[in-house]
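**Q** Quick one: the structure is below, and I'll ask about it shortly.
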There are 2 protein chains.
Amino acid sequence: MVDTAALAPAIRRANSKALEILLQGDPVLIDVVPAKDLIPELKEHTILHAGPPIEWDRMCGPMRGAVAGVAVFEGWARDLDEAGVQASKGCFDFHPNHHFSAVGPMTGLTTCSQPLLVVENRAAGNRAYCTVNEGLGKVMRFGGNDESVRDRLAWIRDSLGPALGSALQCCGGIPLRPLVARGLTMGDEMHQRNVACSSLLLRELAPALASAVADHSDLSEMLAFMGSNDQFFLNIAMAMGKSIMDPVRNIEQSTVVTAMTRNGTDFGIRISGLGDEWFTAPVEMPAGLYFPGFSAADANPDMGDSTIVETIGLGGFAMAAAPAVAGFVGAGSVAEAAGITARMREITLGEHPEWTIVSENYQGVPTGIDIRLVVETGIVPTINTGIAHREPGIGQVGAGVVKAPMACFEKALRALGERLGIS
Amino acid sequence: MVDTAALAPAIRRANSKALEILLQGDPVLIDVVPAKDLIPELKEHTILHAGPPIEWDRMCGPMRGAVAGVAVFEGWARDLDEAGVQASKGCFDFHPNHHFSAVGPMTGLTTCSQPLLVVENRAAGNRAYCTVNEGLGKVMRFGGNDESVRDRLAWIRDSLGPALGSALQCCGGIPLRPLVARGLTMGDEMHQRNVACSSLLLRELAPALASAVADHSDLSEMLAFMGSNDQFFLNIAMAMGKSIMDPVRNIEQSTVVTAMTRNGTDFGIRISGLGDEWFTAPVEMPAGLYFPGFSAADANPDMGDSTIVETIGLGGFAMAAAPAVAGFVGAGSVAEAAGITARMREITLGEHPEWTIVSENYQGVPTGIDIRLVVETGIVPTINTGIAHREPGIGQVGAGVVKAPMACFEKALRALGERLGIS
């Protein structure tokens, strides 16, 4: 629909540069810091959310539930009902995490007092942020908002976050590129399977944590919380993805995707050649497996900034490295997992030199999505995802696979064509 | 050479029973206790070693080095020279670990003051023991014996061992069957690759360890020691293997292998139908890869009780689950790793129902070696192994693959034939 052939050499050069920056990314987890100290714009009543921009009236159930919960957590409302009334009256300022070097899983709410993981990309010098993973089930990122959810967030704010920050400062940070390389050899794809990286991170951080936390019972509680959460690493992988992709933005004529994300209503992408513009389409429903007692009728459409990990070649793109996750997300057998990675190779520009897949004789994961290839082949990115209940206050009900909507890629390509005068 | 056809139904019944006991094994790591409190026979000057019975005059270099080192460590000799003189004068009583419900890696020395891991097989009620892993390089199990080696053993005896014991008592023990199942999905084969199980164990044990150790700097040191040793789990896997196989002994007419082990000079096996009798042959040289600065000319022949893990279907038998280890031990590509597991299926009676290989669509690891199948097919067990320097005092120089000598299996089959009156 847009003939980019005339500009092919220029686009190739631009994409070459984009891929080089992407593959040189050197992310290091360096600190955990309260959000308000990292993002000055995060005042009272400001709420960052997952996905492209959205206002209260179009927000899905779990995001509304999380908004009400976080307003009570921050002390802006006395209870969930009052928070809902405030939201509907426009008392809160909503912005995407992506506008502030941040990402958040599922509803992905970021507010002033929450501690954020800080990942520094030492190749490019930038930093990116993400909240600390809350665990599974009834948690705020899946729309949970009751007292137990808010108490856990308070414990993360008051105890775990500061302890992780001290431990990371003490040990000088944890380089993530080699950690992820190792995790891939251990069956993680860093989206719906993070057991290896969560374990490797814990064992690397535990000695410093033991020095940082004075009270033995506090320390034991923190080690148990991190150690019983196989998805603890997800939020770190997300901040890592954001830190790697942000420097890839704003390369004139590049057709490389720099962000994919969803807010439960819209799916949005950004491409390098068009800076911070969002190209959106209605988000799709995941196809997956449900926890006992739940079914597809309970599911909310796809949600979260977490698909930044697919943008860098992990998650669904690295499914071949993590055949065990294929069963968990209902994607089928080992052969089908390998097939998904093979298809993603058709829409990407390169392979990561260090993030390799043992079962494919150490071939790198497919990295650097080119919107031209997506539109030409008709193959859209496959994303591994968690599934939230569509109503506020309930939480996670399953896990599955979802496809990025083709319309986002078509819109982006059309807009780039217009910009380059070839539409 | 021995026609067992006439007794085939009886042997089949016996092996069926053997396999059932093997597959029902339910090993739980429950404690760490000084050896003298577990094995009353472990008096002063008594040394348990890896492999079938052997005396000083036939011991290989690294085992002699370890004997001298442990004699100084236990205070029986003032220095290594005096220890060597004592050994040559017959001052020490040598016995195999296997005669005392114990196993030890490489030289595998067990003496009175060393703390032993205790694994209880809750299906059969028996217990098995193994020392705590010392790390890699210059360590006693590879023949290292200098002050640094002995100081580390003293720290394990005085600090780490008691702390692990308290932590395990506090958390009620760690079930190993599910841990190993998970480790297999993460690329461990539990012999030369234990990074997943070592990490999973650490994260499970860390909260209790934090409660058990009063001093923060001690705790931090222990977490760092365990966390930086990818082979920490090996010794636990070995005690687990021993606890699973010991109840399989003494089933009349059974041709199932209950132990394979080597002392650096001889390779020995036991089979269920012939109780505690050893069938030995000269041990072979491993074929493998060497650490920088070392070569095959430095290598000692194969050594250690660790091949108890192959006896239960892990190590070389589970190579397909751990393709990354194939490169480490020089066994070749992913396809070759799968081929080794496939060949081991030809000499085993069954598959483990929970220890499965994701890449083989969750087929169980091949378990229960039948000496008849080994002799009939000419396929001997493939073992993943560490390689020690052949001289005392140096330590590990590489890792590789070694084959069990066919003569052991032929001797055992002949002896069984005689016992059953069909030779």
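**Q** Do we have any residue at all in segment A:297-318 that's surrounded by 22 or more Cβ atoms within 10 Å (Cβ to Cβ), within 14 Å of chain B (Cβ to nearest Cβ) and part of a helix (DSSP H, G or I)?
**A** no
**Q** Please verify whether segment A:213-230 includes one or more residues that are of a type in the set (Gly, Ala, Ser), in the same structural domain as A:Asp57 (by TED's automatic domain parsing) and crowded, with 24+ Cβ neighbours inside 10 Å.
**A** No: zero hits.
**Q** Separate question: Across segment B:87-137, which residue is surrounded by the fewest Cβ atoms within 10 Å (Cβ to Cβ) among those that are of a type in the set (Asp, Glu) and in contact with a strand residue (DSSP E or B) (Cβ under 7 Å, 6 or more places away or on another chain)?
**A** Restricting to residues being of a type in the set (Asp, Glu) and in contact with a strand residue (DSSP E or B) (Cβ under 7 Å, 6 or more places away or on another chain), the top hit is B:Asp93.
**Q** If you don't mind, another one. For segment A:319-336, which residues satisfy the criterion of being in a helix (DSSP H, G or I) and either surrounded by fewer than 19 Cβ atoms within 10 Å (Cβ to Cβ) or more than 14 Å from chain B (Cβ to nearest Cβ) (or both)?
**A** Passing the criteria: A:Gly327, A:Phe328, A:Ala335, A:Glu336.
**Q** Between a residue in segment A:91-119 that is free of Cβ contacts under 8 Å to residues at least 60 places away in the same chain and any residue that is surrounded by fewer than 22 Cβ atoms within 10 Å (Cβ to Cβ) and polar (S, T, N, Q), which pairs come within a Cβ distance under 9 Å, given they are 6 or more apart or on different chains?
**A** Listed by first residue and then by second, the contacts come to A:Phe92/A:Thr46; A:Phe92/A:Gln86; A:Asp93/A:Thr46; A:Phe94/A:Thr46; A:His95/A:Thr46.
**Q** Pull up segment B:386-410, narrow it to residues that are assigned to a loop (DSSP other than H, G, I, E, B) and modelled with pLDDT of 95 or more, then point me to the one that is farthest from the chain's Cα centre (by Cα).
**A** Restricting to residues being assigned to a loop (DSSP other than H, G, I, E, B) and modelled with pLDDT of 95 or more, the top hit is B:Pro405.
**Q** How many residues are polar (S, T, N, Q) and either within 14 Å of chain A (Cβ to nearest Cβ) or in contact with a Lys or Arg (Cβ under 6 Å, 6 or more places away or on another chain) (or both) when one looks only at segment B:342-368?
**A** Residues that pass the stated criteria total 4.
**Q** Of the conditions (1) surrounded by fewer than 19 Cβ atoms within 10 Å (Cβ to Cβ); (2) touching a helix residue (DSSP H, G or I) at 6+ places or on another chain (Cβ under 8 Å), B:Gly339 fails just one. Which one is it?
**A** (2)
**Q** From the list A:Gly144, A:Gly161, A:Gly173, A:Gly165, exactly one residue is modelled with pLDDT under 95 and more than 13 Å from every other protein chain (Cβ to nearest Cβ). Which is it?
**A** When all the criteria are applied, what remains is A:Gly144.
**Q** Quick check on segment A:255-271. Is at least one of its residues in contact (Cβ under 8 Å) with a residue 12 or more places away in the chain, farther than 21 Å from A:Val401 by Cα and in a loop (DSSP other than H, G, I, E, B)?
**A** Within segment A:255-271, one or more residues are in contact (Cβ under 8 Å) with a residue 12 or more places away in the chain, farther than 21 Å from A:Val401 by Cα and in a loop (DSSP other than H, G, I, E, B).
**Q** Let me ask another. Checking the structure you have, find out if any residue of segment A:264-273 is surrounded by fewer than 24 Cβ atoms within 10 Å (Cβ to Cβ) and either within 14 Å of another protein chain (Cβ to nearest Cβ) or on the phi > 0 side of the Ramachandran plot (or both).
**A** Taking every residue of segment A:264-273 in turn, none turns out to be surrounded by fewer than 24 Cβ atoms within 10 Å (Cβ to Cβ) and either within 14 Å of another protein chain (Cβ to nearest Cβ) or on the phi > 0 side of the Ramachandran plot (or both).
**Q** Of everything in segment B:196-229, what is among the aliphatic types (A, V, I, L, M) and more than 7 Å from every other protein chain (Cβ to nearest Cβ)? Give them in sequence order.
**A** Matches in segment B:196-229: B:Leu201, B:Leu205, B:Ala208, B:Leu209, B:Ala212, B:Val213, B:Ala214, B:Met222, B:Met226.
**Q** Still on this structure: Considering B:Leu416, B:Leu373, which residue is part of a helix (DSSP H, G or I), more than 14 Å from chain A (Cβ to nearest Cβ) and surrounded by 22 or more Cβ atoms within 10 Å (Cβ to Cβ)?
**A** Numbers: B:Leu373 fails: surrounded by 22 or more Cβ atoms within 10 Å (Cβ to Cβ).
From the options B:Leu416, B:Leu373, the qualifying one is B:Leu416.
The values are calculated or read from the model by the stated rules, or taken from the named source; none is laboratory data. All figures in this text were calculated on a predicted structure; none of them were measured in a lab. Glycine gets a Cβ as well: all are built from the backbone with ideal geometry, and neighbour counts include every protein chain shown.
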